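Reading through the structure tokens given below for one structure.
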Amino acid sequence: MIIKTFNFEKYVDSIIKIIPLNIIMFLMMTLYRVFFFLYFKNGLVLDGLYSSLFKSFLLGARFDISILAYINLLAILLFTVFLLIKNLALFKISVFFLKIYYFLVFFIILVLNIIDFGFYTSFGEHINILVFDFFSDDTFALIKTIVYDHRFLIALISLFIVAFMIYKIIAFTISKLTSKHTIINTSIFNVIAKTLVILFIPFITFCLARGTLSMFPLGKFHAQISSNQFINDVALTSVHSFQDALDAKISQVNNYVDIAKKFDVKKEEIDVNIFNKVSIINTTAQEVKPNVVFIVLEGFGELPILYNNHNFDVLGELDKHFQEDFVFYNFLSAGKITVHALESTVLNMPQRPFSLQVTQTSKAFKQFSSSMVLPYKKVNYLTKAVYGGSLSWRNIDNFLKAQGFDEVYGEGSIKNEYRHQWGINDAQFFELVLRELKNSSGCPTFIYAMSTATHPPYQTPPYYKPLNINIPEDILHMMPGETKYGAKIFETYQFANREAAKFLSEIKSSELAHNTIVVITGDHSLREFKASVPEELFKKYSVPMYMYVPEKLRKNMDVNLSGCHMDIVPTLYDLSLSQMEYVAAGESLVRGNLNHIAFNSDGFILSNNKAVLYNPENANATYFNFNEKTKMLELTQETQEHKEMLEYYKKVVATSNEYLN
């Protein structure tokens, strides 16, 4: 039948003709989910998980249908409008718009999938609020890192091929809308039937878009279907993840989140004076006035060290120093990215959920009374900061100067030989730190230094000859998709550690051995490690904390204590100063508090043989026992100790939010 007006028959015909397009898109989305699962499942034991995996794919299908329904709402709205005005000519004009609309939307989804895939490769999580740090980080360096990744060309080619296929499918589908011939004859429908169809189609599309008939539409919180986080992640889409990230970012920028209220901490219980502390009496430190060097190594995670041996020699000569000095292994990084470590250590404060980093706000130009260097400046220390990359990154030049550092050095402060994309290599980095330590004219010196080298694309100088690196299967299990790239990761990691060992050996073989304290820790774990099950969470977050203390200044320290980044500087105050007033959220590890509680930005809390994972978004807590030998967690029921750990975490974070604001 040939029609000349946009009537009910044309309305139904148009909807029928876009159904095949949606089926094809749904199949492509499902195919991507299968690829995601196969790529990242490396080492996953599926015994007992088949039911959960089936539910995950089923839920993933609901997520995909929800996305498609949202996309089609506009088309259905247009078809309904044209049905009301019965204008076929205007409909034909709108067909071009629909072709562009469908292609752009599906192209955006395709790009989001690629971004999400890369994000999951780096963080072991779908897109979250950290994705916006792409624009506040060293964006040019990030782009170069992405381009040099061996998977970039594959992703780019895949993008163009799939985008071309999608365009052809859409163009073919939309061209059929202008056909004068309709698929079915609806003349048998009476007025009531037509009315019901016109009402039913938008209604069912809206219901499919919500994904559920319950109070809240389908969202990330529906994906908690298994204790295995990877199984849950298989269900999630890049679109829903990005939507959540965007909502969080808008809320973060536009709203001050009252963390005390969010954490159910009473206002009268918040007292920032709990951060006012005094270091121990230390007459030896008063006499020696030791230099203090605090080094944060990029990607210096703990997991590789747990497997260090002759065949997988990631420590190299650093192992000797680890055997001689203090090393805390039950130790947490402040968060997942470098700026978390920077702010927590420099400001002696934890990372707060729902809040912008200080360096990204006007507060970057304000000096906080908790600044790490202020107690040292009170006793006439020369304070220096060294960063192995550009000082424009995260506005750290201004931030560090505002916190009281006398001198700030970046990658331009030393000859750039074998520079990598993020700055100077670790040989140059340690050369710069040692140079500035020696150039202090006899004045006691505090140096805070951050490296940048153990970072994608993982480059070592051409002269470097690595030691044995045969990656254990247990580690490969936690690095899905990195079996080809893995060796280079550990070569760079090993190179950094060996350069740290050279630095320490030079300190110990000189006069500096008697009056210099050195701390080395990591900003976060290696990005490629994933914790597919909750039992592996500690390994995802842990970094070692190494400490060299001259014999004369040594204190008895229990290296089995739980600790985190914000505990390091209070520990240094006790070792290098005497009865010095300071402001800090962390606690000194010299004090030997056996119930010391450590935590990080993800709400992971550790104390002795207990751990808690707290989700601030939904106030959900998971409780664990912690095996200090295997570094593994075991799900358990809440105990009084767990309860006290969680209350401590909430109170400290709420109080720090009050203080920083």
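The values are calculated or read from the model by the stated rules, or taken from the named source; none is laboratory data. These numbers come from a predicted model, not from an experiment. In this analysis, Cβ positions are derived from the backbone assuming ideal geometry, glycine residues included, and neighbour counts consider all displayed protein chains.
Output the residue which, of all residues in region 360-388 that are in contact with a strand residue (DSSP E or B) (Cβ under 9 Å, 6 or more places away or on another chain) and basic (Lys, Arg), is nearest to residue 416 (Cα to Cα). Here the answer is 384. Of the helices (runs of 4 or more DSSP H) lying entirely inside region 19-138, the ones with 3 or more residues being farther than 23 Å from residue 160 by Cβ, among the aromatic types (Phe, Trp, Tyr) and modelled with pLDDT of 90 or more are found at 50-85.
Could you please give the count of residues in region 627-647 that are buried (at least 16 other Cβ atoms within 10 Å of the Cβ) and on the phi < 0 side of the Ramachandran plot?
Within region 627-647, the subset buried (at least 16 other Cβ atoms within 10 Å of the Cβ) is 631-633, 641-642, 645-646.
When the remaining residues are screened for being on the phi < 0 side of the Ramachandran plot, the result is 632-633, 641-642, 645-646.
Total satisfying the criteria: 6.
From the list 492, 516, the lone residue that is in contact (Cβ under 8 Å) with a residue 12 or more places away in the chain, crowded, with 23+ Cβ neighbours inside 10 Å and in contact with a strand residue (DSSP E or B) (Cβ under 6 Å, 6 or more places away or on another chain) is 516. Of all residues in region 253-312, exactly one satisfies the criterion of being among the aromatic types (Phe, Trp, Tyr) and surrounded by fewer than 13 Cβ atoms within 10 Å (Cβ to Cβ), namely 256.
Report those helices (runs of 4 or more DSSP H) wholly inside region 283-365 carrying at least 3 residues which are assigned by TED's automatic domain parsing to the domain that holds residue 601 and among the polar types (S, T, N, Q).
On the way: elements: 283-288, 303-306, 318-324, 338-347.
Once the helices (runs of 4 or more DSSP H) in region 283-365 are filtered for at least 3 residues that are assigned by TED's automatic domain parsing to the domain that holds residue 601 and among the polar types (S, T, N, Q), what remains is 283-288, 338-347.
In this entry, residue 320 is excluded by the filter for residues that are more than 17 Å from residue 572 (Cα to Cα) and modelled with pLDDT under 95. Given the structure, is residue 614 assigned to a helix (DSSP H, G or I) and among the aromatic types (Phe, Trp, Tyr)? So residue 614 does not fit the description; no.
Looking at (1) under 25 Å from the mean Cα position of the chain (by Cα); (2) within 25 Å of residue 301 (Cα to Cα), which one does residue 364 not meet, given that it meets all the others? The one condition residue 364 does not meet is (2).
One residue is enough: does region 328-337 have a residue meeting the conditions surrounded by fewer than 24 Cβ atoms within 10 Å (Cβ to Cβ), at pLDDT 95 or above and of a type outside the set (Val, Ile, Thr)? The answer is yes, given that some residue of region 328-337 is surrounded by fewer than 24 Cβ atoms within 10 Å (Cβ to Cβ), at pLDDT 95 or above and of a type outside the set (Val, Ile, Thr).
Within region 27-46, identify whether any single residue is in contact (Cβ under 8 Å) with a residue 40 or more places away in the chain and in contact with a strand residue (DSSP E or B) (Cβ under 7 Å, 6 or more places away or on another chain), and answer yes or no. Don't jump to the end; show me each part of the working.
Of region 27-46, the ones in contact (Cβ under 8 Å) with a residue 40 or more places away in the chain are 28-29, 32-33, 36-37, 39-44.
In the following step, the residues that additionally are in contact with a strand residue (DSSP E or B) (Cβ under 7 Å, 6 or more places away or on another chain) were identified as none.
Within region 27-46, not a single residue is in contact (Cβ under 8 Å) with a residue 40 or more places away in the chain and in contact with a strand residue (DSSP E or B) (Cβ under 7 Å, 6 or more places away or on another chain).
Evaluate the following for residue 563: is it buried (at least 22 other Cβ atoms within 10 Å of the Cβ) and under 27 Å from the mean Cα position of the chain (by Cα)? So residue 563 fits the description; yes. State whether one or more residues within region 440-448 are assigned by TED's automatic domain parsing to the domain that holds residue 298, outside any helix (DSSP H, G or I) and within 18 Å of the chain's Cα centre (by Cα). Within region 440-448, not a single residue is assigned by TED's automatic domain parsing to the domain that holds residue 298, outside any helix (DSSP H, G or I) and within 18 Å of the chain's Cα centre (by Cα).
Out of the residues in region 359-374 that are over 26 Å from residue 279 (Cα atoms) and among the β-branched types (Val, Ile, Thr), which is surrounded by the most Cβ atoms within 10 Å (Cβ to Cβ)? Reasoning before the result, please.
At the first step, the residues of region 359-374 found to be over 26 Å from residue 279 (Cα atoms) are 359-365.
Those still in the list that are among the β-branched types (Val, Ile, Thr) too: 359, 361.
Details: 359: 20, 361: 14.
Filtering first and then ranking leaves 359.
For residue 567, the conditions (1) assigned to a helix (DSSP H, G or I); (2) farther than 28 Å from residue 270 by Cβ; (3) free of Cβ contacts under 8 Å to residues at least 60 places away in the same chain are fulfilled apart from (2).
So, residue 380, is that one closer than 27 Å to residue 140 by Cα and surrounded by fewer than 23 Cβ atoms within 10 Å (Cβ to Cβ) or not?
No; evaluated as a whole, the condition is false for this residue.
Taken together, the residues in region 480-510 that are part of a loop (DSSP other than H, G, I, E, B) and either among the small types (Gly, Ala, Ser) or modelled with pLDDT of 90 or more (or both) amount to 3.
Inspect all residues belonging to region 4-13 and state whether any of them is surrounded by 12 or more Cβ atoms within 10 Å (Cβ to Cβ), at pLDDT 85 or above and of a type in the set (Val, Ile, Thr). Looking through region 4-13, none of the residues is surrounded by 12 or more Cβ atoms within 10 Å (Cβ to Cβ), at pLDDT 85 or above and of a type in the set (Val, Ile, Thr). All of 56, 66 fail the test of being among the small types (Gly, Ala, Ser) and either within 27 Å of residue 174 (Cα to Cα) or surrounded by fewer than 17 Cβ atoms within 10 Å (Cβ to Cβ) (or both), apart from 66. Out of all the residues in region 613-626, which are among the small types (Gly, Ala, Ser) and surrounded by 13 or more Cβ atoms within 10 Å (Cβ to Cβ)? If the condition is that a residue be among the small types (Gly, Ala, Ser) and surrounded by 13 or more Cβ atoms within 10 Å (Cβ to Cβ), then 621 is the only one that fits. Of all residues in region 392-420, those being surrounded by fewer than 21 Cβ atoms within 10 Å (Cβ to Cβ), at pLDDT below 90, under 22 Å from residue 339 (Cβ atoms) and within 29 Å of the chain's Cα centre (by Cα) number 6. Being in contact (Cβ under 8 Å) with a residue 60 or more places away in the chain and outside any helix (DSSP H, G or I) holds for only one residue in 594, 572, 606, and it is 606.
Residues checked against (1) of a type outside the set (Ser, Thr, Tyr); (2) in the same structural domain as residue 129 (by TED's automatic domain parsing); (3) touching a Gly at 6+ places or on another chain (Cβ under 9 Å):
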| site | (1), (2), (3) |
| --- | --- |
| 568 | yes, no, yes |
| 578 | no, no, no |
| 582 | no, no, no |
| 588 | no, no, no |
| 593 | yes, no, no |
| 602 | yes, no, yes |
| 613 | yes, no, yes |
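Can you tell me which residue within region 530-560, out of those that are part of a loop (DSSP other than H, G, I, E, B) and in contact with a Lys or Arg (Cβ under 9 Å, 6 or more places away or on another chain), is surrounded by the most Cβ atoms within 10 Å (Cβ to Cβ)?
This residue is 530.
Conditions tested, residue by residue: (1) among the charged types (D, E, K, R); (2) within 29 Å of residue 257 (Cα to Cα); (3) at pLDDT below 95.
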{"site": "588", "(1), (2), (3)": "no, no, no"}
{"site": "594", "(1), (2), (3)": "no, no, yes"}
{"site": "601", "(1), (2), (3)": "no, yes, yes"}
{"site": "606", "(1), (2), (3)": "no, yes, no"}
{"site": "618", "(1), (2), (3)": "no, yes, yes"}
{"site": "637", "(1), (2), (3)": "no, no, no"}
{"site": "641", "(1), (2), (3)": "yes, yes, no"}
